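Structure record follows, encoded as C-alpha cells.
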Amino acid sequence: MFSTKTTRLAGLGLILAVGLSACSGSTPSPSAGASTSAESTAVASPTSSVPPTARDGSSLIPTTEVGACSLLNVEQVRSVLGDAARDIQAGEVAGTVSPAGVRHENCIYPLDPAGTTTHAVILEIVTYPDAASRAAADPWEAMMSPTEVTGLWGEARYATNRLSQTTEHVLAVARGTQVWRFVVSQPQEISTWEPAEGQAVLRKLAETARI
C-alpha cells in the first residue's frame, strides 16, 4: 500500500509527513509529505513516551489516536462516488501537531491499488487550540477560486483545483475551532466531474460524514 508515497498534493499542503497505516492500527511505514510538509525524522509509535517530531518541529500523532477515518468508511465513500471508487482501498492515517498547537488528522482512501495520494479521497480534520488561532488562519488556503456552499453545519467553500497532472475537488467546512476538508484527487486523464458535479459529490460526502 502507498508504494509511491513521494507523489504530492501540491494544491492542498496536507500534513502527510508521517508514515501511513491502515485504520486497523497496523504499524505505519515511512512516507514523504505534501509540498508544505517536511520528512519525518521518526515513525509515530503508540507506546512512545516522547512524541517523535517532524523536521518542521511538529509532533507526530500516534496512528491509533488519529480519528479522521471515522468520518467516512470505505462503503460510504464508494456509495457516494459510485464508479469512481470501484477500486477504493482501505483507509490509511497520518497526523501531526504543530509547534503552535494546531492538530492535523488525515485519512487517505486510495482509489486504485497503486496507492498514490494523487488518486485518492482525502479527509482532513484541523483543530486549532483556541478561537483566536482559528480566526487568524485561512481555512480556504490552497483552494483555487473557492465558492460559498450553504446548508452545511458551518461556513463552507468548494473549489476545483486544476493542477499540472491532477484535478482536485475540495470542500472545506469551518465551525468553531475546527476545519474539515473533503478532497477527491484524480489524474487529469481520468477526471470524472465538472465543477458543478464535483461540488455535488463533495457535498454528499460532507453530509454523509459523522460530524
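Worth pointing out:
- Paramagnetic label zone (point 7 Å from Cα along Cα-to-C-beta, E207; backbone N under 13 Å) in segment 161-200: 199-200
- Only Cα pairs under 8 Å and 6+ residues apart enter the sum, and on that basis the relative contact order of segment 66-208 stands at 20 percent.
- Counted charge near E65, where neighbours are those whose Cβ lies closer than 14 Å (Asp, Glu -1; Lys, Arg +1): 0
- Whole-angstrom gap from segment 129-147 to segment 96-122, using each part's C-alpha centre: 18
- Overall form of segment 66-208 per C-alpha gyration tensor (a/c, 1.5; a/b vs b/c): prolate
- Cut-off under 5 Å, modelled amide H: who pairs with T53 long-range: T41, A42, L60
- Computed from backbone phi with θ = phi - 60° and the Karplus coefficients 6.51, -1.76 and 1.60, the 3J(HN,Hα) list for segment 110-117 is x, 9, 7, x, 5, x, 8, 6 Hz; x is used for glycine and proline.
- Label point distance in nm, A132-E155, each placed 7 Å from Cα along Cα→Cβ: 1.9
Laboratory data are not the source of any read-out in this text; all were calculated from the coordinates shown. Computed from a prediction, not measured in an experiment: that's the story for all the values here. As a convention, Cβ positions derive from the backbone with ideal geometry for all residues, glycine included, and neighbour counts pool all protein chains shown.
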